[in-house]
1. Using 5 Å bins from zero, what percent of all Cα-Cα pairs in region 1-111 falls into each bin?
2. Taking 0.36 nm per residue of sequence separation and subtracting the Cα-Cα distance, how much length would be gained by fully extending the chain between Val281 and Arg155, in nm to one decimal?
3. Between Ala215 and Met1, what is the label-to-label distance in nm when each label sits 7 Å out along the Cα-to-Cβ direction?
4. With the chain treated as a Gaussian network of Cα nodes joined by springs under 10 Å, which of Ala215, Ala206, Ala190 yields the largest mean-square fluctuation?
5. Label-point separation (nm) for Glu359 and Glu248, each offset 7 Å from Cα along Cα-to-Cβ?
6. Can you tell me what share of the DSSP beta bridges in region 1-103 is antiparallel? A percent to the nearest 5 is fine.
7. In nm, what is the difference between 0.36 nm times the number of residues separating Arg352 and Arg262 and their Cα-Cα distance?
8. Multiply the residue gap between Arg71 and Glu181 by 0.36 nm, knock off their C-alpha separation, and tell me the result in nm, one decimal place.
Amino acid sequence: MADFDVVVVGGGPGGSTAAGLVAADGHRVLLLEQEHLPRYRIGESLLPATVHGICALLGVRDEVERAGFVRKRGGMFRWGSDPEPWKFAFAASDRMAGPTSYAYQVERTRFDTILLRNASRLGADVREGHRALGTLRDGGRITGVRYLDDTGREREATARFVVDASGHTSRLHHDVGGVREYSPDFRNLALFGYFRGGARLPEPDAGNILCAAFADGWFWYIPLAATLTSVGAVVRRDAAARVQGDPETAFRGLIADCPMIRDFLRGVPRATEPPYDRLRVRKDYSYDRTSLRCPGMVLVGDAACFIDPVFSSGVHLATYSALLAARSINSTLAGLVPEERCFAEFEARYRREFGLFREFLRGFYRLEANQRAYYQYAGRVTGRDERTAFLDLVGGVSSADFDTLGEVLAEGAQLQLRGLLGADAGEEPPMFPGGLVSTSDGRRWRVPDA
């Protein structure tokens with residue numbers, strides 16, 4: 001048995017973010033990852049708030065910049081009733097103009113490894129090949145985890161807090177209580193794979209994501225490198241029979257039904273080297289939980305909730321929720337703010353961010369609408385001017401609120417400002433009446449000035 005301040009389960013972007021930010025604040029952190037990195041994950045299209053906000057706070061933005069990932073300046077949609085594709089650019093939003101007007105398309109084998117190694121450099125005790133089995137409990141509080149080490153021996157680690165960042169296959173999420181609720185609005189499944197090459201959008205948009213709707217769903221088309229493209233078909237539940245049986249035949253048939261994707265991949269072979277050599281399926285992947293925390297434990301990323309991938313929000317929500325959890329843990333351990341108040345702020349902000357994506361997606365899946373209608377709907381959901389509301393949503397900087405002082409800046413925009421300017425970013429207003437604000441280094445909560 002070993003004692004820590006925090007045990008983080010899962011070494012993906014959420015787990016690495018939480019472990020890194022808590023360790024950087026001087027606490028003893030154990031991170032357990034059941035696999036050995038690099039390892040494959042889907043979720044390859046990032047948002048500017050992740051690159052210029054979270055990565056900056058972790059001190060790893062420059063390393064990500066040097067990694068040679070494909071630069072993503074926005075995206076293109078062939079969607080709704082518009083006969084022609086339409087595009088967006090992050091730079092058109094005031095909140096992402098200038099040096100923060102792009103993100104990256106990343107191979108997760110490389111991106112996740114960068115974040116995990118950085119968590120170790122920040123002081124976390126990172127152990128790969130260690131599989132969490134369950135939690136330890138003392139009365140009503142989670143007090144640690146049971147796990148198998150890399151020799152197969154069962155061990156225990158106690159901690160003031162446990163962060164479950166182990167993804168949608170989490171073994172621990174039930175322990176916070178409540179239930180996982182699957183969305184009735186997004187009962188889709190995804191069949192996806194990789195191609196060696198493929199057409200690109202004209203410059204300067206060659207690195208942008210393409211989302212193209214067809215009769216039974218929609219495709220993502222993500223340029224990961226000059227010779228590697230991630231392609232996935234998201235199919236409605238009522239058309240799920242098309243994915244039964246041989247996945248190769250099904251994939252070819254779906255591509256044939258989407259003219260834009262079919263033309264981009266004409267004559268292009270599938271990738272043949274691991275981990276890109278096989279087709280994969282995910283189903284019923286949009287869900288929420290009635291509980292995200294309990295005394296001593298908090299859920300982040302896909303262990304907590306996941307929404308449809310059309311806006312590439314998965315890594316954003318994972319790292320953002322991990323940041324909120326790290327702030328809450330650091331503030332509690334330092335005795336600055338009571339635990340319950342810290343984690344109430346965590347849950348309120350996390351649910352608001354997730355809810356914005358979910359509510360807008362409900363309208364976005366109305367394929368009889370057009371681009372203007374989608375922009376108007378984004379304005380209604382966020383309470384912002386429709387000209388930039390859509391762009392702020394797809395960039396991860398749209399969590400707007402109002403109080404007696406006027407409009408509260410988006411959390412994503414605050415993350416970018418704090419990442420770029422540190423203390424010079426200025427005073428941050430609370431997102432909710434009576435709520436907390438971040439310290440200048442982004443790692444703790446504090447009670448705002450009167």
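The values are calculated or read from the model by the stated rules, or taken from the named source; none is laboratory data. Please read these numbers as outputs of a predicted model, since none were measured by experiment. All Cβ positions, even for glycine, are placed from backbone atoms using ideal geometry, and neighbour counts span all protein chains on display. All accessible areas refer to the heavy atoms of the entire protein, side chains included, with ligands and DNA or RNA removed. Shrake-Rupley method; radii C 1.70, N 1.55, O 1.52, S 1.80 Å.
1. Reading the bins upward from 0: 2, 10, 17, 18, 17, 13, 9, 7, 4, 2, 1, 0, 0.
2. That pair, Val281 and Arg155, stretches by 42.0 nm at full extension.
3. In this crude spin-label approximation the distance works out to 6.3 nm.
4. It is Ala215.
5. Modelled inter-label distance: 4.7 nm.
6. Antiparallel bridges: around 55 percent, rounded to the nearest 5.
7. Roughly 28.6 nm would be gained on extension.
8. Difference between extended and current length: 36.1 nm.
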